[in-house]
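Trainee: Take this structure first; my questions come after.
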Amino acid sequence: MRTTEYLLATQKESPAEAEIISHKLMIRAGLVRKLASGLYTWLPSGLRVLNKVAAIVRDEMNKAGAIEISMPVVQPADLWQESGRWEEYGPELLRIKDRHERDFVLGPTHEEVITALIKNEVSSYKHLPLNLYQIQTKFRDEVRPRFGIMRSREFVMKDAYSFHLGDESLEQTYQRMHQAYCNIFERIGLEYRPVIADSGSIGGAVSHEFHVLADSGEDDIAFSDASDYAANVELAEAICTDARPGATQALEKVATPDAKTIESVAEQLKVNQTKCVKTLIVKADEESEYDFVAIVLRGDHQLNDIKAVKHPLVASPFQMADEQAVEKTLGCKFGSIGPVGLDLPILVDRSAATCADFICGANEDDFHYVGANWERDVSDFEVVDLRKVIAGDASPDGKGTLQIRKGIEVGHIFQLGDKYSKAMGCGVLDESGKHQILKMGCYGIGVTRIVAAAIEQNHDDYGIKWPQAIAPFEVAIIPMNMHKSHRIMETALKLYADFIAENVEVLFDDRKERPGVMFNDMELIGIPHSIVIGERNLDNNQVEYKNRLTGEKTLINIDEVLAFVTNQ
RNA sequence: CGGUGAGUGGCGCAGCUUGGUAGCGCACUUGGUUUGGGUCCAAGGGGUCGUAGGUUCAAAUCCUAUCUCACCGACCA
């Protein structure tokens, strides 16, 4: 490809709204352009990358025994009514009407369509298991599209759905997909982690997310420094094996004027925050006889509301209590609440439960207790895992300690069970001629998101540093002053022809531009290899090779260029 | 949905308080200059000032409504 016949579309400045580096670079490098909120046009360079990612995904899916199909973007509403998601899904599901006033949706995912398909097409256990996938555009009407392609409304996703007669078969395919996903991210060349995930509202027992590690990620991932254990922080178990020391102090009420936070309490009493516990009041489940539930955490720990909401006493969805309502019931403000003498169900985090001689609110404004102890001063409470894990915690699998990194979710696999197949009556006849509802798995990869995630993980001050496997071009030819020098033009044209003949994806910068402009553009776009042709080196029958990833520069003989680059 | 802010040429912005010829940088076109890291000089082209209504002799500027977008939060997986 010649730059003069191409839509390079690089820019010096990025739009003001671009927040994260991948968004800025995707605009500047001419990969995408925004059409409207959350909607992007893919320019030639961007599409090349996207297609490469898709090709790797497709290849690994095929190898793992999945079969490609393509389903419609527009889906009839009655399928969604059948599965119950017409009501469940909420405003993220874009609903449209056709000319006959019939309801349709723009597909955010395809469980309904595929389940309806299999229900009609497969009627015998002999045809199972089956794993079908597509790489296709999805639409989710996100509340707040942001970070460019990272969270857009329209995006490309690979979604696979597997069907099984029993859990064992489902488990096998699930493991196979897990491995295929690892292969995909290895091949693309990204630092990633499969993490144990919350299966959320979709239900089902087992679920893993695949995260690309990058500081701009929206999720916190906890992983062991000594084993394969990795989990979303929302889910990572906080274990606490410490035994609680015996009480040595008497309970004593002290004045703590205006101390409304753990920091100020710790400061006023000149103790470490770990000596304090904090008591949070949350709304109780409607079935409960209480309005509120008290949650006690060690002073330096944070509540994990995903864990809390799983407790039967806690209202779902999770809601913090209103301070005025609490003051009315308990007679003091948030900052002075404590478990001692508290007439509410008390859930104590495992770590807080091992505190002795601790400090807590006295349920009286501007007063705290010191020397409080479980059992002796608070008799009725339940110990639960409630806090967010922090770096340095012991790994739940008993090996090593946890580290926390930010991750970008690029894949998610679920064992769905029979949620959709049951709702839609999708089953087959088994060996004994009995109708059986199928088990399903579903496996998603955000293809467009991978492009952004790859940039988040691979860039420098000059621009994108594509992993070789997904770079828009493999090599750039950068001639110096070609339009004034016959020798240079001849060399450039010859190299260009050689690369094309060898099927090397080459971008030949034949613009009448200054060298600096070309260097900057090629580095911005992130082409892994460059060949710089200049008069100086041509005298020795040489050109300069530059590696975008390592920054390495070497002089090589013209005759060896092709072999040199293809060997890299 | 709540809070905050912004809509002026393709991109980034000034002008608005105090109404009076729409401006700057980048990009683009032409000529010259320069040529191993975003040269310099000169001359050009391009804008219903988000939209609608109002006030006024006169509105980018003041008033009202409305739309869109962004950021923070909530929500969502």
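The values are calculated or read from the model by the stated rules, or taken from the named source; none is laboratory data. The structure presented is a predicted model; accordingly, all values stated were derived computationally and were not measured. So basically every Cβ, Gly included, is an ideal-geometry build from the backbone, and we count neighbours across all protein chains shown.
Trainee: Considering A:455, A:488, A:477, which residue is over 25 Å from residue A:213 (Cα atoms), of a type outside the set (S, T, N, Q), crowded, with 22+ Cβ neighbours inside 10 Å and within 16 Å of RNA strand B (Cβ to nearest atom)?
Mentor: A:477
Trainee: Same structure, new question: Taking residue A:543, is it of a type in the set (Val, Ile, Thr) and near RNA strand B (Cβ under 8 Å from one of its atoms)?
Mentor: In short, yes.
Trainee: Also, quick follow-up: I'd like the full set of residues that are crowded, with 23+ Cβ neighbours inside 10 Å and charged (D, E, K, R), limited to the stretch A:143-158.
Mentor: Correct list: A:158 only.
Trainee: Then there's this: Which members of the stretch A:59-77 meet the condition of being touching a residue at least 24 places away in the same chain (Cβ under 8 Å) and either surrounded by fewer than 16 Cβ atoms within 10 Å (Cβ to Cβ) or β-branched (Val, Ile, Thr) (or both)?
Mentor: A:63, A:65, A:67, A:68, A:69, A:70, A:72, A:73, A:74
Trainee: Evaluate the following for residue A:385: is it more than 16 Å from RNA strand B (Cβ to nearest atom), within 30 Å of residue A:344 (Cβ to Cβ), touching a Leu at 6+ places or on another chain (Cβ under 6 Å) and not polar (S, T, N, Q)?
Mentor: Details: more than 16 Å from RNA strand B (Cβ to nearest atom): yes; within 30 Å of residue A:344 (Cβ to Cβ): yes; touching a Leu at 6+ places or on another chain (Cβ under 6 Å): no; not polar (S, T, N, Q): yes.
Spelling it out, it is not the case that residue A:385 is more than 16 Å from RNA strand B (Cβ to nearest atom), within 30 Å of residue A:344 (Cβ to Cβ), touching a Leu at 6+ places or on another chain (Cβ under 6 Å) and not polar (S, T, N, Q).
Trainee: So is residue A:549 within 34 Å of the chain's Cα centre (by Cα) and either part of a helix (DSSP H, G or I) or at negative phi (or both) or not?
Mentor: On the way: within 34 Å of the chain's Cα centre (by Cα): yes; either part of a helix (DSSP H, G or I) or at negative phi (or both): yes.
When the stated conditions are applied, residue A:549 passes them.
Trainee: While we're here: At least 1 residues that are more than 24 Å from residue A:243 (Cβ to Cβ) in each: list the strands (runs of 3 or more DSSP E) lying fully within the stretch A:257-372 that qualify. Can you show your working first?
Mentor: Details: elements: A:277-283, A:292-298, A:346-349, A:358-361, A:367-372.
Strands (runs of 3 or more DSSP E) meeting the threshold: A:277-283, A:292-298, A:358-361, A:367-372.
Trainee: I've got another one for you. Return the pairs, sorted by first residue and then second, in which the second residue is among the polar types (S, T, N, Q) and near RNA strand B (Cβ under 6 Å from one of its atoms), the first residue lies in the stretch A:515-538 and is free of Cβ contacts under 8 Å to residues at least 40 places away in the same chain, the beta carbons are less than 8 Å apart, and the residues are 6+ apart or on different chains.
Mentor: The qualifying pairs are A:515/A:481.
Trainee: Quick one: is residue A:370 touching a helix residue (DSSP H, G or I) at 6+ places or on another chain (Cβ under 6 Å), more than 17 Å from residue A:280 (Cβ to Cβ), of a type in the set (A, V, I, L, M) and at pLDDT 90 or above? Full working, then the answer.
Mentor: Values: touching a helix residue (DSSP H, G or I) at 6+ places or on another chain (Cβ under 6 Å): no; more than 17 Å from residue A:280 (Cβ to Cβ): yes; of a type in the set (A, V, I, L, M): yes; at pLDDT 90 or above: yes.
So residue A:370 fails the test.
Trainee: I'd like to check something: does the stretch A:83-96 contain any residue that is assigned to a loop (DSSP other than H, G, I, E, B), buried (at least 19 other Cβ atoms within 10 Å of the Cβ) and in contact (Cβ under 8 Å) with a residue 40 or more places away in the chain?
Mentor: Yes, the stretch A:83-96 has at least one match.
Trainee: Which strands (runs of 3 or more DSSP E) sit wholly inside the stretch A:118-233 and have at least 1 residues that are more than 19 Å from the chain's Cα centre (by Cα)? Show your work before the answer.
Mentor: Details: elements: A:130-139, A:154-164, A:192-196, A:207-213, A:219-224, A:230-232.
Because the criterion is at least 1 residues that are more than 19 Å from the chain's Cα centre (by Cα), the strands (runs of 3 or more DSSP E) in the stretch A:118-233 that meet it are A:130-139, A:154-164.
Trainee: Quick check on this structure: which one of A:39, A:25, A:50, A:8 is touching an Asp or Glu at 6+ places or on another chain (Cβ under 8 Å) and buried (at least 18 other Cβ atoms within 10 Å of the Cβ)? Walk me through how you get there before you give the answer.
Mentor: Values: A:39 fails: buried (at least 18 other Cβ atoms within 10 Å of the Cβ); A:25 fails: touching an Asp or Glu at 6+ places or on another chain (Cβ under 8 Å); A:50 fails: touching an Asp or Glu at 6+ places or on another chain (Cβ under 8 Å).
After ruling out the rest, the residue left standing is A:8.
Trainee: Output the residue which, of all residues in the stretch A:30-51 that are within 14 Å of RNA strand B (Cβ to nearest atom) and part of a loop (DSSP other than H, G, I, E, B), is nearest to residue A:137 (Cα to Cα).
Mentor: Pass one, the stretch A:30-51, residues within 14 Å of RNA strand B (Cβ to nearest atom): A:30, A:32-41, A:43.
Subset that is part of a loop (DSSP other than H, G, I, E, B): A:30, A:37-38, A:43.
Numbers: A:30: 21, A:37: 16, A:38: 13, A:43: 16 Å.
My answer is A:38.
Trainee: So, one more: Going by the structure shown, is residue A:444 out of contact with any helix residue (DSSP H, G or I) (no Cβ under 7 Å at 6 or more places or on another chain) and not aromatic (Phe, Trp, Tyr)? Break it down stepwise before answering.
Mentor: Values: out of contact with any helix residue (DSSP H, G or I) (no Cβ under 7 Å at 6 or more places or on another chain): yes; not aromatic (Phe, Trp, Tyr): yes.
So residue A:444 passes the test.
Trainee: Among the numbered conditions (1) free of Cβ contacts under 8 Å to residues at least 24 places away in the same chain; (2) more than 16 Å from RNA strand B (Cβ to nearest atom), tell me where residue A:248 comes up short.
Mentor: (1)
Trainee: Something else about it: Tell me, which residue of the stretch A:492-530 that is among the β-branched types (Val, Ile, Thr) and within 11 Å of RNA strand B (Cβ to nearest atom) is surrounded by the most Cβ atoms within 10 Å (Cβ to Cβ)?
Mentor: Here is the first cut: in the stretch A:492-530, the ones among the β-branched types (Val, Ile, Thr) are A:500, A:504, A:506, A:517, A:525, A:527.
From what is left, the residues that are within 11 Å of RNA strand B (Cβ to nearest atom) are A:517, A:525.
Numbers: A:517: 12, A:525: 26.
If we take residues in the stretch A:492-530 being among the β-branched types (Val, Ile, Thr) and within 11 Å of RNA strand B (Cβ to nearest atom), then A:525 is surrounded by the most Cβ atoms within 10 Å (Cβ to Cβ).
Trainee: So, one more: Out of curiosity, is residue A:176 among the basic types (Lys, Arg), over 18 Å from residue A:409 (Cβ atoms) and either surrounded by fewer than 19 Cβ atoms within 10 Å (Cβ to Cβ) or at pLDDT 90 or above (or both)?
Mentor: yes
Trainee: Right, residue A:195: within 12 Å of RNA strand B (Cβ to nearest atom) and either closer than 22 Å to residue A:405 by Cα or surrounded by fewer than 21 Cβ atoms within 10 Å (Cβ to Cβ) (or both) or not?
Mentor: yes
Trainee: Please go through the stretch A:102-143 and give me each residue that is more than 16 Å from RNA strand B (Cβ to nearest atom), under 30 Å from residue A:36 (Cα atoms) and aromatic (Phe, Trp, Tyr), ordered by number.
Mentor: Across the stretch A:102-143, the qualifying residues are A:104, A:133.
Trainee: Can we say residue A:330 is surrounded by 21 or more Cβ atoms within 10 Å (Cβ to Cβ), modelled with pLDDT of 80 or more and either away from RNA strand B (no atom under 14 Å from the Cβ) or under 16 Å from residue A:259 (Cα atoms) (or both)?
Mentor: yes
Trainee: Could you grab me the full set of residues in the stretch A:1-29 that are more than 8 Å from RNA strand B (Cβ to nearest atom), in contact with a Leu (Cβ under 7 Å, 6 or more places away or on another chain) and either assigned to a loop (DSSP other than H, G, I, E, B) or under 25 Å from residue A:215 (Cα atoms) (or both)?
Mentor: Once the filter is applied, which keeps residues that are more than 8 Å from RNA strand B (Cβ to nearest atom), in contact with a Leu (Cβ under 7 Å, 6 or more places away or on another chain) and either assigned to a loop (DSSP other than H, G, I, E, B) or under 25 Å from residue A:215 (Cα atoms) (or both), the stretch A:1-29 yields A:1, A:7, A:9, A:29.
Trainee: If the requirement is being over 20 Å from residue A:32 (Cβ atoms) and of a type in the set (Gly, Ala, Ser), which of these qualifies: A:214, A:222?
Mentor: A:222
Trainee: When you go through A:146, A:99 one by one, which is the residue that is farther than 18 Å from residue A:61 by Cβ and within 16 Å of RNA strand B (Cβ to nearest atom)? Outline the logic, then answer.
Mentor: On the way: A:99 fails: within 16 Å of RNA strand B (Cβ to nearest atom).
Just one listed residue meets the conditions, A:146.
Trainee: Just checking, which of A:8, A:43, A:50, A:35 is over 17 Å from residue A:459 (Cβ atoms) and without any contact (Cβ under 8 Å) to a residue 12 or more places away in the chain? Can you show your working first?
Mentor: Numbers: A:8 fails: without any contact (Cβ under 8 Å) to a residue 12 or more places away in the chain; A:43 fails: without any contact (Cβ under 8 Å) to a residue 12 or more places away in the chain; A:50 fails: without any contact (Cβ under 8 Å) to a residue 12 or more places away in the chain.
After ruling out the rest, the residue left standing is A:35.
Trainee: Right, next: Which of the residues spanning the stretch A:297-327 are away from RNA strand B (no atom under 16 Å from the Cβ) and in contact with a Pro (Cβ under 8 Å, 6 or more places away or on another chain)?
Mentor: Residue satisfying the conditions is A:313 alone.
Trainee: Where residues in the stretch A:465-510 are in a helix (DSSP H, G or I) and small (Gly, Ala, Ser), which of them is nearest to residue A:188 (Cα to Cα)?
Mentor: Among them, the one singled out is A:469.
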